[in-house]
Amino acid sequence: MGCCNRRCGLIAGAVFGAVVAILGGILIPLGKSVIEGTVEKEVVIEPGTQAYENWVSTGASVYRQFWLLDVQNAQEVLQDGAIPVVVEKGPYTYRTRYLPKENITFNPNHTISFTLPQGAIFEPSMSVGTEEDKVTSLNLGVAGAYSLVPKPFHAVLENLIKTSNSSLFQNRTVGEMLWGYYDPLLKDNIGLFSPYNGTYDGIYNVFDGKDDISKVGFIDRWRGKSVLTFWGDKYCDMINGTDASSFPPFLDKKPLYFFSSDICRSVSAGFEQSMDLKGIEVYRYVLQPNTLASPTVNPDNQCFCRNKVTTNNCTMAGVLDISSCQAGRPIYISLAHFLGGSRSLLENVKGLNPSEKHHGTYLDVEPTTGFTLRFAKRIQVNMMYGPSKVITVLKKVKDNTIFPLVWMNETASLDDATADMLKKELISRIEMLDIIQKALLGTGVAIFVLCLISYCVVRRNQSKIV
């Protein structure tokens, strides 16, 4: 009777263990479903969600750091045709994206329209000097006119350069180079980022994710159009993905796509590694190596090649001619210090030292919510000048030169308060549910195995007695 009770108890224990283990197993998909439902509800862009609060006005402080390239041998370039030598001067830091989105309109097709006001506030404590610091840089007016005026009219341009007392290089303040000054050659106000304060980016239309969470944040239209009109090609004119501030939830390490109005095109970033950011796991994505590759390496980039002369018959890597979206201004975009660019870019200008660590672009994205918690977007603004038999200040120039003017690091990072909130509201709940699941599963299996082994031992001992 005692042995029977013992065997029955062990069987009951094994059954109980199996039930506990099954409960733990059931909780895995059930818990996952609960988490997904909660996350999907909170990442929809509508009033009352966590995503909406951060979407309307950026929670973290966003800064733009500028390094201007200061020419060290301007006279030698003019008189002897020497290769320009530059030294970067910076950072000069500005707070940006501090203004909330405006003209927010919810549309019947589950999109939201808005404009993004632009402004920059100088941050002296985060800068190496003041906006009055002087730099020697390329003359924007002369370089621009050289690119736009056909060679048969260089004699006219030569006369204008002389009468305006202009030269290939100029001495300007940091503030003038960035935000504008009156140019005597063009008789107009020009600057690398002029106008900026008081202007708007957009109008944007983005999906709110309410009917399809896989499209949340995706750009449906920019400036009223679903495609760009800059490149004259179906592929290059595509508007892909989000604006990179967030992505649809539940990332699976596949490439992320986003559109950047700064460079007038869509790009993609590939997964590099998992990292810890203030106790939160994030996925680091970096710009794909073929983004600015020459068409000989990446044929998809053929439609981005606008000038076969400047790009050596479209074989040059590392620069993007965006004049078509800059009202004709001959601007070339690259990564900082010509990172990933052709060797000729570094041979024609001395003093640049590209490195992935200091000049690469990256996004750190929380994989469950799709929120970008830290990023660094690093791009360089360049202009081009070349030889001329007529224009005096260009007679010693030997070849077309893509000249670096300034490189910019737009960056932001998760603050402690937001990190604590995210860990409390999401990460800790996911971790607690995971612990409960594993505890139930582990305890149930342990009880089941222990009772099963004990039952076998009792049966074996009983058979020996019989």
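The values are calculated or read from the model by the stated rules, or taken from the named source; none is laboratory data. Quantities reported herein were computed from a predicted structural model and do not represent experimental measurements. Reconstructed Cβ throughout: ideal geometry from the backbone, glycine too, with neighbour counts over all protein chains shown. Keep in mind that these areas ignore ligands, DNA and RNA; they rest on the heavy atoms of the full protein, side chains included. Shrake-Rupley method; radii C 1.70, N 1.55, O 1.52, S 1.80 Å.
If we scan the range 347-365, do we find a residue that is hydrophobic (A, V, I, L, M, F, W, C), assigned to a strand (DSSP E or B) and open to solvent by 20 Å² or more (accessible area, probe 1.4 Å)? Reasoning before the result, please.
Initially, the range 347-365 is screened for residues hydrophobic (A, V, I, L, M, F, W, C), giving 349, 352, 363, 365.
Retained after the next criterion (residues that are assigned to a strand (DSSP E or B)): 363, 365.
Within this subset, residues satisfying the condition of being open to solvent by 20 Å² or more (accessible area, probe 1.4 Å) are none.
Checked the range 347-365: no residue is hydrophobic (A, V, I, L, M, F, W, C), assigned to a strand (DSSP E or B) and open to solvent by 20 Å² or more (accessible area, probe 1.4 Å).
For the structure I just gave you, tell me whether Ala419 is under 22 Å from Asn301 (Cα atoms), touching a Lys or Arg at 6+ places or on another chain (Cβ under 6 Å), touching a residue at least 24 places away in the same chain (Cβ under 8 Å) and among the aliphatic types (A, V, I, L, M).
no
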Cross-chain or 6+ apart pairs with Cβ under 6 Å, the range 377-391 first and in contact (Cβ under 8 Å) with a residue 60 or more places away in the chain, then in a loop (DSSP other than H, G, I, E, B) and buried (at least 23 other Cβ atoms within 10 Å of the Cβ): Lys377/Thr361
Pair list, Cβ < 6 Å and 6+ apart or interchain, from the range 188-212 residues that are touching a residue at least 12 places away in the same chain (Cβ under 8 Å) and within 21 Å of Tyr98 (Cα to Cα) to residues that are hydroxyl-bearing (Ser, Thr, Tyr) and not in a strand (DSSP E or B): Asp201/Ser261
Checklist (1) under 14 Å from Asp364 (Cα atoms); (2) touching a strand residue (DSSP E or B) at 6+ places or on another chain (Cβ under 8 Å); (3) open to solvent by 70 Å² or more (accessible area, probe 1.4 Å) applied to Lys278, failing item: (2)
Total residues in the range 294-313, condition surrounded by fewer than 18 Cβ atoms within 10 Å (Cβ to Cβ) and among the hydrophobic types (A, V, I, L, M, F, W, C): 3
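Which residue, of Thr411, Thr418, Thr368, Thr372, is assigned to a helix (DSSP H, G or I), open to solvent by 20 Å² or more (accessible area, probe 1.4 Å), closer than 24 Å to Val62 by Cβ and polar (S, T, N, Q)?
Numbers: Thr411 fails: assigned to a helix (DSSP H, G or I); Thr368 fails: assigned to a helix (DSSP H, G or I); Thr372 fails: assigned to a helix (DSSP H, G or I).
Answer to the check: Thr418.
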Those residues of the range 234-252 which are more than 15 Å from the chain's Cα centre (by Cα), at pLDDT 95 or above and among the aromatic types (Phe, Trp, Tyr), in sequence order: Tyr235
Count - residues of the range 382-396 that are touching a Pro at 6+ places or on another chain (Cβ under 9 Å) and buried (at least 20 other Cβ atoms within 10 Å of the Cβ): 4
Residue identified as of a type in the set (Ser, Thr, Tyr) and within 30 Å of Arg221 (Cβ to Cβ) among Ser137, Ser113, Ser167: Ser113
Residues of the range 254-274 that turn out to be open to solvent by 30 Å² or more (accessible area, probe 1.4 Å) and touching a Ser or Thr at 6+ places or on another chain (Cβ under 9 Å), as a count: 2
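Of the residues that sit in the range 396-408 and are part of a strand (DSSP E or B) and β-branched (Val, Ile, Thr), which one is farthest from Arg343 (Cα to Cα)? Walk me through how you get there before you give the answer.
Of all residues in the range 396-408, those part of a strand (DSSP E or B) come to 401-408.
Cutting the leftovers down to β-branched (Val, Ile, Thr) gives us 401-402, 406.
Numbers: Thr401: 12, Ile402: 12, Val406: 19 Å.
Across the range 396-408, the extreme among qualifying residues is Val406.
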